[in-house]
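Visitor: Dropping a structure here in structure tokens format, bear with me for questions.
The values are calculated or read from the model by the stated rules, or taken from the named source; none is laboratory data. Because the structure is predicted, anything quoted here is derived from the model rather than measured. Methodologically, a virtual Cβ is constructed for each residue, glycine included, from the backbone with ideal geometry; neighbour enumeration extends over all protein chains shown. Ligands, DNA and RNA are excluded from the accessible area calculation, which covers all protein heavy atoms including side chains. Shrake-Rupley method; radii C 1.70, N 1.55, O 1.52, S 1.80 Å.
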Amino acid sequence: MTATQAPAPRDPAAPALVELDGVSKYYGNIKALENVSLEVHAGEISCVLGDNGAGKSTLIKIIAGLHRHDAGTFLIEGEEITLANPRDALDRGIATVYQDLAVVPLMPVWRNFFLGSEPTKGAGPFKRLDVRRMRETTRAELLRMGIDLRDVDQPIGTLSGGERQCVAIARAVYFGAKVLVLDEPTAALGVKQSGVVLKYVAAARDAGLGVVLITHNPHHAYLVGDRFVLLKRGAMSGSHTKDGVTLDELTRQMAGGSELDELSHELERAPSPGDPGVRPEGDETP
Ligand code: ATP
């Protein structure tokens, strides 16, 4: 499937690929997450929005199998589970692309694409890496996602941040991920590169994956998202589907709504005597 093909309609009876229901996580007496619910469906993008310390990383760690939840239920395709470790998550089709991307900068793009899962040819003492296959597959898979790199032989460290994110997304799709978790993929990028990355996030959705997009940018979320969960100091401060919320409303909730009004009130400067329009005391002239 290419990025431009329309996604197959979702079977409404199918269970969510991933569902968190009232999940909590405590670090000692710190409530990192409290009663958070999230659904991730095939062919949809679920966005998790929150400011610093909201609990986004904790949520990723639970879905990626790094941490175990302390309360609530975690279901994968309708089955309640507790993931043993990140390998367990990966085996169940959950791929996580972290912001710092585990790549070897000096190695070519194709080598990074297959890192840890390199195909070999030959047997016994003649067994060696199948370099040609890796090169050709990488080129073809990137093209299939609509990513046209000049040269898959160039060191991945020479690609832009956005291009590296795109390679990581294409890699997850190629290795059969059902769920793709993206940890703030646009956080360090400019406007243009963010747009490119969001295009490939949408391409992964169109390839039928369920995507979890972690971000603190409501504009990016609203461009591609189907569902939105807002986190604030570990608690869920909002949960919407696209048709239930406008960008303005999402932005306002993300910015803290009433807190922002209060702040703007506090920041309003009291008029000083030097300001135009403020007359000295006793000045009665009309
Ligand atoms: P940021 O965007 O700043 O990374 P976040 O939304 O990812 O923030 P988390 O890192 O999930 O937030 O943290 C949520 C809360 O849990 C914070 O108050 C944080 O200090 C706390 N926390 C996270 N990890 C641990 C830990 N290992 N031990 C103790 N407290 C932790």
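Visitor: Restricting to region 107-130, count the residues that are open to solvent by 50 Å² or more (accessible area, probe 1.4 Å) and within 18 Å of Ile156 (Cβ to Cβ).
Guide: Within region 107-130, residues that are open to solvent by 50 Å² or more (accessible area, probe 1.4 Å) and within 18 Å of Ile156 (Cβ to Cβ) number 7.
Visitor: Restricting attention to region 56-81, which residues are without any contact (Cβ under 8 Å) to a residue 40 or more places away in the chain, within 16 Å of the ligand (Cβ to nearest atom) and open to solvent by less than 60 Å² (accessible area, probe 1.4 Å)?
Guide: Gly65 - this is the single residue of region 56-81 that is without any contact (Cβ under 8 Å) to a residue 40 or more places away in the chain, within 16 Å of the ligand (Cβ to nearest atom) and open to solvent by less than 60 Å² (accessible area, probe 1.4 Å).
Visitor: While we're here: I'm trying to understand the selection: among the residues of region 243-260, which are surrounded by fewer than 16 Cβ atoms within 10 Å (Cβ to Cβ) and in a loop (DSSP other than H, G, I, E, B)?
Guide: Passing the criteria: Thr246, Gly256, Gly257.
Visitor: Pick out the one residue from Glu184, Glu163 that is within 16 Å of the ligand (Cβ to nearest atom), surrounded by fewer than 24 Cβ atoms within 10 Å (Cβ to Cβ) and not β-branched (Val, Ile, Thr).
Guide: On inspection, the qualifying residue turns out to be Glu184.
Visitor: Name every residue in region 82-106 that is part of a loop (DSSP other than H, G, I, E, B), touching a strand residue (DSSP E or B) at 6+ places or on another chain (Cβ under 9 Å) and surrounded by 15 or more Cβ atoms within 10 Å (Cβ to Cβ), in order of residue number.
Guide: Within region 82-106, Leu83, Arg92, Gly93, Tyr98, Gln99 meet the criteria.
Visitor: Within region 28-42, track down each residue that is part of a strand (DSSP E or B) and either more than 13 Å from the chain's Cα centre (by Cα) or near the ligand (Cβ under 8 Å from one of its atoms) (or both).
Guide: Selection gives Ile30, Lys31, Ala32, Leu33, Glu34, Asn35, Val36, Ser37, Leu38, Glu39.
Visitor: I would also like to ask the following. Can you name every residue in region 43-81 that is assigned to a loop (DSSP other than H, G, I, E, B) and aliphatic (A, V, I, L, M)?
Guide: Passing the criteria: Ala54, Ala64, Leu66, Ile81.
Okay, residues lined up against (1) free of Cβ contacts under 8 Å to residues at least 24 places away in the same chain; (2) among the hydroxyl-bearing types (Ser, Thr, Tyr):
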position	(1), (2)
Arg205	no, no
Gly208	no, no
Thr215	no, yes
Phe228	no, no
Ser237	yes, yes
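Visitor: Have a look at Gly116, Gly53 and point out the one that is without any contact (Cβ under 8 Å) to a residue 12 or more places away in the chain, of a type outside the set (Asp, Glu) and out of contact with any Ser or Thr (no Cβ under 6 Å at 6 or more places or on another chain).
Guide: Just a single option satisfies the conditions, and that option is Gly116.
Visitor: Is it true that some residue in region 235-242 is more than 24 Å from Tyr98 (Cα to Cα), within 16 Å of the ligand (Cβ to nearest atom) and open to solvent by less than 50 Å² (accessible area, probe 1.4 Å)?
Guide: Yes - at least one qualifying residue is present in region 235-242.
Visitor: How many residues does region 14-52 contain that are open to solvent by 40 Å² or more (accessible area, probe 1.4 Å), in contact with a strand residue (DSSP E or B) (Cβ under 7 Å, 6 or more places away or on another chain) and either closer than 13 Å to Leu213 by Cβ or among the aliphatic types (A, V, I, L, M) (or both)?
Guide: Residues flagged as open to solvent by 40 Å² or more (accessible area, probe 1.4 Å), in contact with a strand residue (DSSP E or B) (Cβ under 7 Å, 6 or more places away or on another chain) and either closer than 13 Å to Leu213 by Cβ or among the aliphatic types (A, V, I, L, M) (or both) within region 14-52 amount to 1.
Visitor: Further question on the same structure: Of the residues Arg135, Arg139, only one is surrounded by fewer than 19 Cβ atoms within 10 Å (Cβ to Cβ), without any contact (Cβ under 8 Å) to a residue 40 or more places away in the chain and in contact with a helix residue (DSSP H, G or I) (Cβ under 9 Å, 6 or more places away or on another chain); which?
Guide: Testing whether each residue is surrounded by fewer than 19 Cβ atoms within 10 Å (Cβ to Cβ), without any contact (Cβ under 8 Å) to a residue 40 or more places away in the chain and in contact with a helix residue (DSSP H, G or I) (Cβ under 9 Å, 6 or more places away or on another chain) leaves just Arg135.
Visitor: Right, here's the next one. Sort out for me the helices (runs of 4 or more DSSP H) sitting completely within region 146-237 that have 2 or more residues that are at pLDDT 90 or above and within 30 Å of Leu106 (Cα to Cα).
Guide: Where helices (runs of 4 or more DSSP H) fall fully within region 146-237 and carry at least 2 residues being at pLDDT 90 or above and within 30 Å of Leu106 (Cα to Cα), they are 191-206.
Visitor: Does His216 satisfy the condition of being within 16 Å of the ligand (Cβ to nearest atom) and buried (at least 22 other Cβ atoms within 10 Å of the Cβ)?
Guide: No, not satisfied.
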